[in-house]
Amino acid sequence: MSPLSENSLTSPTTIEEVMADPKFGLGVADARAGRGHHPAFDRWTGNEQWNYERGRHWATLTPRTVALKLSGKVTAEAVQWFRHAGRDIL
């Protein structure tokens, strides 16, 4: 068993699922607006915190011209940028 799995529960997911999480979008918005961490961060679940942080990292590694979502759906270009910078985001 790896050290990670000894300390936390994990489950499979996809990039699209992570990026569709509202907390990911909030992390993107906060980072792009230059705001600090959200005041409710400590009250969120672990997955919500992870996705928020992933959103903040994605926002710093992706050009501002790349939209996260259009018509409520994660864009292919946004996913492409996540895959490009995935090691730095995850």
Take the residues in the range 44-90 that are small (Gly, Ala, Ser) and within 12 Å of Phe24 (Cβ to Cβ); name whichever of them is farthest from the chain's Cα centre (by Cα).
Ala78
When only residues in the range 30-62 that are small (Gly, Ala, Ser) and surrounded by 15 or more Cβ atoms within 10 Å (Cβ to Cβ) count, which is farthest from His84 (Cα to Cα)?
Ala31
Within the chain, which helices (runs of 4 or more DSSP H) (wholly inside it) include 2 or more residues that are at negative phi and aromatic (Phe, Trp, Tyr)?
46-61, 76-89
Going through the range 20-65 in order, the residues found to be in contact with a Leu (Cβ under 7 Å, 6 or more places away or on another chain) and closer than 15 Å to Thr75 by Cβ are Gly25, Val28, Gly55
Within the range 63-78, which residues are surrounded by 12 or more Cβ atoms within 10 Å (Cβ to Cβ) and more than 18 Å from Pro22 (Cβ to Cβ)?
Val66, Glu77
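Quick note: the coordinates plus some simple rules give every number you see, no bench work behind them. What you are looking at is a predicted structure, and each value in this text was computed from that prediction instead of being measured. Reconstructed Cβ throughout: ideal geometry from the backbone, glycine too, with neighbour counts over all protein chains shown.
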